[in-house]
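One structure is given below, encoded as structure tokens.
Just so it is clear, none of the values below were taken in a lab; they were calculated from the coordinates. Note that the structure is predicted; figures quoted are calculated from it, not measured. Note that we place each Cβ from the backbone using ideal geometry, even for glycine, and neighbour counts take in every protein chain shown.
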């Protein structure tokens, strides 16, 4: 499959490499040229804009830092929608707010392109190993179409519901992770405080 891939950072680059390993033909773009050069050396084609990465693609995948980046990459003058053909499916794996995910998906649909939000969990290790979890929001038919490609980058592919629900699930995932981290931190502080108190008591007894 011909895939346009935009966003080759710590997560996007290993995801793109796994697609190359799976036999797909990739054209990639990133604002950092050395990231593009690294994927080109691995066998991908290079584009000088998101529009050029998308203009001959059968599928477009983006992995970007934040909501403003997603809007720019899809809606800008040199963005994905400026280059992609109608009926080509779009996947955004960035972690962004659900409102932006839905807004961009609506505009993509008006252009004739079905779109799914598919943020990931698993970190850079999971991206390298191809064991990411994808939380997918979008039409059931779109999910069935893109699931085989997502499985070449991840281990757990979950359809969460309509457009934007992938981002909602990712927010919930991050919330639970944050709560767990806070609990562990508090437990560690409490444990260390008890240990310090016990050590001080022993020292005072020996001195007395």
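Do the conditions hold for residue 57, that is, is it in contact (Cβ under 8 Å) with a residue 24 or more places away in the chain, part of a loop (DSSP other than H, G, I, E, B) and over 27 Å from residue 170 (Cβ atoms)? Considered against the rule, which asks whether it is in contact (Cβ under 8 Å) with a residue 24 or more places away in the chain, part of a loop (DSSP other than H, G, I, E, B) and over 27 Å from residue 170 (Cβ atoms), residue 57 comes out as no. Is it the case that some residue within region 33-52 is assigned to a loop (DSSP other than H, G, I, E, B) and touching a residue at least 40 places away in the same chain (Cβ under 8 Å)? Among the residues of region 33-52, at least one is assigned to a loop (DSSP other than H, G, I, E, B) and touching a residue at least 40 places away in the same chain (Cβ under 8 Å), which makes the answer yes.
Residues of region 62-101 that are touching a residue at least 60 places away in the same chain (Cβ under 8 Å), closer than 11 Å to residue 117 by Cα and in contact with a strand residue (DSSP E or B) (Cβ under 6 Å, 6 or more places away or on another chain): 93, 101. Just wondering, is there one or more residues in region 59-73 that are surrounded by fewer than 21 Cβ atoms within 10 Å (Cβ to Cβ) and in contact with a helix residue (DSSP H, G or I) (Cβ under 6 Å, 6 or more places away or on another chain)? The answer is yes, given that some residue of region 59-73 is surrounded by fewer than 21 Cβ atoms within 10 Å (Cβ to Cβ) and in contact with a helix residue (DSSP H, G or I) (Cβ under 6 Å, 6 or more places away or on another chain).
Quick check on my filter: what residues within region 155-184 are assigned to a helix (DSSP H, G or I) and under 19 Å from residue 59 (Cα atoms)?
166
Residues in region 116-132 that are surrounded by fewer than 19 Cβ atoms within 10 Å (Cβ to Cβ) and either under 17 Å from residue 7 (Cβ atoms) or in contact (Cβ under 8 Å) with a residue 40 or more places away in the chain (or both): 121, 123, 124, 128.
Residue-by-condition table, conditions (1) without any contact (Cβ under 8 Å) to a residue 12 or more places away in the chain; (2) surrounded by fewer than 23 Cβ atoms within 10 Å (Cβ to Cβ); (3) under 15 Å from the mean Cα position of the chain (by Cα):
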site: 110; (1), (2), (3): yes, yes, no
site: 114; (1), (2), (3): no, yes, no
site: 135; (1), (2), (3): no, no, yes
site: 139; (1), (2), (3): no, yes, no
site: 157; (1), (2), (3): no, yes, yes
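Within region 10-28, the set of residues being part of a loop (DSSP other than H, G, I, E, B) and touching a helix residue (DSSP H, G or I) at 6+ places or on another chain (Cβ under 7 Å) comprises 10, 11.
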